[in-house]
1. How many nm separate the modelled label positions at residue 55 and residue 100, each set 7 Å beyond the Cα in the direction of the Cβ?
2. Based on the Cβ-Cβ distance from residue 171 to residue 66, what FRET efficiency comes out when R0 is 30 Å, to the nearest 0.05?
3. What is the calculated FRET efficiency for residue 155 to residue 43, with r their C-beta to C-beta distance and R₀ = 30 Å, to the nearest 0.05?
4. Run the helix sum for the chain: -39,500 (n - 2.57) per DSSP H stretch of 4+ residues, divided by residue count, reported at 222 nm to the nearest 500 deg cm²/dmol.
5. Which listed residue (127, 18, 78) has the Cα farthest towards the positive end of the charge dipole for the chain, taking +1 on Lys and Arg C-beta and -1 on Asp and Glu C-beta about the Cα centre?
6. What's the FRET efficiency of residue 222 with residue 180 using the Cβ-Cβ distance as r and R₀ = 35 Å, to the nearest 0.05?
7. Cross-link candidates for residue 38: which lysines have Cα within less than 16 Å, leaving aside residues fewer than 8 places away along the same chain?
8. Near residue 53, within a Cβ-to-Cβ distance under 12 Å, what is the net charge of the other residues, with Lys and Arg +1 and Asp and Glu -1?
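Computed from the coordinates by the stated procedures, all read-outs in this text should not be read as laboratory data. This structure is a prediction, so every number in the text was calculated from the model and none was measured. Cβ sites come from the backbone with ideal geometry, for glycine too, and all protein chains shown count toward neighbours.
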Amino acid sequence: MEDSTPLVTFYDIAFGPPMAETTCAPNPWKARYALNAKAVPYKTTWVPMLDISKVRLAMGVPAARKFADGSDYHTLPMITDSSTDSIVGDSFDIAIHMQTHYADSGVKDLFPPQKLDYVFEHDLAIFAPLSGRDEGVCGDYVRFNHNVDAAFSAHVMLMAHGLPFDSVSGDDVRAEFARRAGVPTWDDLAVRGEKRGVLWVGGWLKFMKGTLTSDEWEEARTWHDGVFGRLFDALEKYAEVH
Ligand SMILES: N[C@@H](CCC(=O)N[C@@H](CS)C(=O)NCC(=O)O)C(=O)O
């Protein structure tokens, strides 16, 4: 993999340096796991959070998500793939793209048939609804991904205070999140202290590891008889940042 010319450019969110260590946005991580599992050479382009709209719009990529008011919410991940001359701007679509165009490479099947019946049954009140998508392709995985996103998104503010923002732009990003949530400041938003199917969960575990203190993360690894810790460790072989 090291000697190949990257066919794919992978756009991920830049947190503070060193980016390869602080990267923790869950949806980009899902896509990175898919790229690495498929052993497809790629190179990361780090995009500052407040530049995502500009970058996507310049490349003519429609928003993959909407804000609650219906306006476009420009997000990452996104890839360009020169071997197929395509741009793909959603983590689930990236996994499908990898499976479709690199079927015989790396892990053979990113979507093996299996029981995926986890359901998150609570209402989710967040500033931007989760992306809806057609369940026609890989429907079990679409539903599973949606329910996993809902469960973790419901608790995101318990971890957001630890987001490893860049020291220069961090305050602007925090202000933007407060604006979206309709609260005066970031401190009103972030809650501190008390207050194969697996890659869809793994993206969120990277977010937890990137945002929680090391003591909190070590504790989270033990939850549910240590299933999060075991799953995270099993995915480390696909966690290289190129
Ligand atoms: N449905 C999209 C959702 C992507 C998404 O929500 N990305 C978040 C990071 S996990 C983002 O780009 N946030 C940028 C922002 O909030 O400004 C996907 O799966 O790719």
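1. 2.3
2. 0.70
3. Efficiency, rounded to the nearest 0.05: 0.35.
4. Roughly -12500 deg cm²/dmol at 222 nm, from the helical runs in the chain.
5. 78
6. Taking R0 as 35 Å, the efficiency between residue 222 and residue 180 is 0.60.
7. The qualifying lysines are 30, 108, 237.
8. For residues surrounding residue 53, the net value is 0.
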